[in-house]
Amino acid sequence: MKITAKLTKIESGKVRALGSIVIDDAVKVEGIRVIEGEKGLFVAMPQRKNKEEKYEEIVYPVTREAREQIIKTVLDAYNAL
C-alpha cells in the first residue's frame, strides 16, 4: 500500500499540523491532524461528534498494519517540515 502525506505546520493549542493522505493514488483522506499529547506526538484521523456528544473517527484503518503505516508516513512528513 502506497501512502503519501501532505501537511501544513500550525501552532493551535495542541494541534501541530493539519493535512491529508492519499492511499494508492486513489483515495484522499482530509482532516488528518498531528497532535502533541502527554506521551508525545500522535496522529488523529478525521472525527465528528455523535449523538452522545462524543467524538468518533469517520475514517479509520481496518488493520493494525495499515494504521501503523499511516502513522509512520504522517509523522515522517511532519518531521520533514
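Across the chain, how many lysine pairs separated by 8 or more positions, or lying on different chains, have Cα atoms within less than 24 Å?
Step by step, the pairs that qualify in the chain add up to 17.
Can you pull the percent of the chain's accessible area that's carbon plus sulfur, 1.4 Å probe, other chains left in place? Display every interim value, and only then the final one.
On the way: 2930 of 5810 Å².
Of all accessible area on the chain, carbon and sulfur atoms account for 50 percent.
With a point put 7 Å past each Cα toward its Cβ, work out how far residue 24 is from residue 4 in nm, to one decimal.
Reported label-point gap for residue 24 and residue 4 is 1.7 nm.
Along the charge dipole of the chain, Cβ charges K/R +1 and D/E -1, which of 42, 26, 13 sits furthest on the positive end?
Of the candidates, 13 comes out farthest on the positive side.
Pop a pseudo-label 7 angstrom from the Cα along the beta-carbon direction at both residue 36 and residue 80 and give the gap in nm to one decimal.
So the label points at residue 36 and residue 80 sit 2.3 nm apart.
Just the number please: accessible area per residue for the chain, 1.4 Å probe, all protein chains included, in Å².
On the way: 5810 Å² over 81 residues.
Accessible area per residue: 72 Å².
FRET efficiency for residue 66 and residue 12, Cβ-Cβ distance as r, R0 = 25 Å, nearest 0.05? Walk me through the numbers before you get to the answer.
Numbers: r = 28 Å, r/R0 = 1.10.
It comes out at approximately 0.35.
Once you charge only the Cβ atoms, +1 for Lys and Arg and -1 for Asp and Glu, what is the size of the charge dipole of the chain about its Cα centre, to the nearest 20 debye?
100
Counting other Cβ atoms within 10 Å, which GluC sites (Glu not before Pro) in region 33-67 have at most 16 and lie in a DSSP loop? Please list the in-between numbers first.
Values: sites: 36, 38, 52, 53, 56, 57, 65; in loops: 38, 52, 53.
Here the GluC sites (Glu not before Pro) that fit, given the DSSP loop and packing criteria, are 38, 52, 53.
The values are calculated or read from the model by the stated rules, or taken from the named source; none is laboratory data. What you are looking at is a predicted structure, and each value in this text was computed from that prediction instead of being measured. Cβ coordinates were reconstructed from backbone atoms using ideal geometry, including for glycine residues, and neighbour counts include every protein chain displayed. Surface areas here come from the heavy atoms of the whole protein model, side chains and all, with no ligands, DNA or RNA. Shrake-Rupley method; radii C 1.70, N 1.55, O 1.52, S 1.80 Å.
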